[in-house]
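These notes concern the structure reproduced below.
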Amino acid sequence: MSPMPRVLIVEDEPPIAELIAVNLRHNGFEPVWVEDGAAAQRELDARLPDVVLLDWMLPGESGLQLARRWRADARTRGVPILLLTARGDEPDKVAGLDAGADDYITKPFSTQELLARIRAVLRRRAPEQAGERLAAGALELHGATHRVSWQGRELKLGPTEYRLLRYLMGHPERVHSRARLLDKVWGDHVYIEERTVDVHIKRLRESLGEAGRLIETVRGAGYRLTAAVGENENS
Ligand code: CA
């Protein structure tokens with residue numbers, strides 16, 4: 001990361017964008033403001049920012065569509081996205097995280113909250129940018145490229161499933177409660193129900209195929225990733 005992290009602001013309301021830009025500049029960030037997805041894409045093509053602040057409701061492509069597209073693109077996949085939303089209801093926020101946003105912030109927000117969220121996503125991404133590589137048996141995860149493979153074959157994972165797997169692989173052989181996974185993978189969004197974890201564990205297992213067996217359900221306690229299963233399968 002550069003000494004002054006570059007923040008791409010994608011926001012169609014000038015007063016909000018200007019307020020954010022001024023506050024970021026005063027706090028050691030380098031803000032770049034664009035008003036829509038097309039301009040944001042041009043900016044990303046020219047230079048990758050350290051973080052994107054992405055408004056949900058934009059003219060043309062929505063923030064959700066843009067997040068999904070940038071997550072699917074190998075070049076932009078690793079750039080943290082903080083979704084700005086005026087909507088308060090849970091399904092939309094979950095959809096935002098599913099689309100690949102790292103976090104979201106509900107308007108109106110305080111400068112302190114915004115700065116805290118930006119710093120948090122930058123901290124969370126830092127180990128990946130250093131080329132983190134995790135392995136559990138024949139299951140491998142490369143943080144820098146967001147690639148996951150089983151016995152050398154690449155697997156396709158959704159963004160939430162990727163984050164979930166990354167957390168489990170980073171903390172293997174330990175039982176994690178649903179509440180802990182919500183806290184570590186989804187962030188401090190306590191209103192998300194615990195069964196959301198079950199839904200994503202199910203999707204993760206499906207995406208992993210054979211390797212899905214590495215994720216064990218521990219009755220009454222939560223989930224555990226164990227490399228031992230994978231090793232036995234190979235021998
Ligand atoms: Ca807007």
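The values are calculated or read from the model by the stated rules, or taken from the named source; none is laboratory data. Treat the numbers as computed from the prediction; the structure is a model and nothing was measured. Because the Cβ atoms are built from the backbone with ideal geometry, glycine has one as well, and the counts that use them run over all protein chains shown. Surface accessibility is based on the protein's heavy atoms, side chains included, excluding ligands, DNA and RNA. Shrake-Rupley method; radii C 1.70, N 1.55, O 1.52, S 1.80 Å.
Each label was represented as a point 7 Å from its Cα along the Cα-to-Cβ direction; for Ala72 and Arg124 these points are 2.3 nm apart. When the solvent-accessible area of the stretch 130-234 is split by element, carbon and sulfur atoms take up 46 percent of it, the probe being 1.4 Å.
Full extension of the chain segment joining Asp198 with Glu30 gains 56.6 nm, where the gain is 0.36 nm per residue of separation less the Cα-Cα distance. Using a 10 Å Cβ count of at most 13 others and DSSP loop calls, identify the longest part of the chain lacking such trypsin sites (Lys or Arg not before Pro). Segment 76-155 is the longest. Computed with a 1.4 Å probe over protein heavy atoms only, the accessible surface of the chain comes to 47 Å² per residue. Computed over the stretch 130-234, the alpha-carbon pair-distance distribution with 10 angstrom bins reads 15, 52, 29, 4, 0, each value a whole percent. Helix 111-129: angle to the longest alpha-carbon principal axis of the chain, degrees 0 to 90, nearest 10? Helix 111-129 sits at roughly 40 degrees to that axis. A straight line joining the Cα centroids of the stretch 1-78 and the stretch 108-127 runs 14 Å. Annotation: extensible slack from Arg42 through Asp183 equals 47.3 nm (criterion: 0.36 nm per residue apart, minus Cα-Cα distance). Using only alpha-carbon positions in the chain, the gyration tensor eigenvalues give semi-axes of 33, 19, 15 Å once each is multiplied by 5 and square-rooted (largest first). Please compute P(r) over all alpha-carbon pairs of the stretch 6-127, binned at 10 Å starting from zero, and give each bin as a whole-number percent. Answer for the stretch 6-127: a P(r) of 14, 52, 32, 2 percent. Between the helical axis of 14-26 and the longest alpha-carbon principal axis of the chain there is an angle of about 70 degrees.
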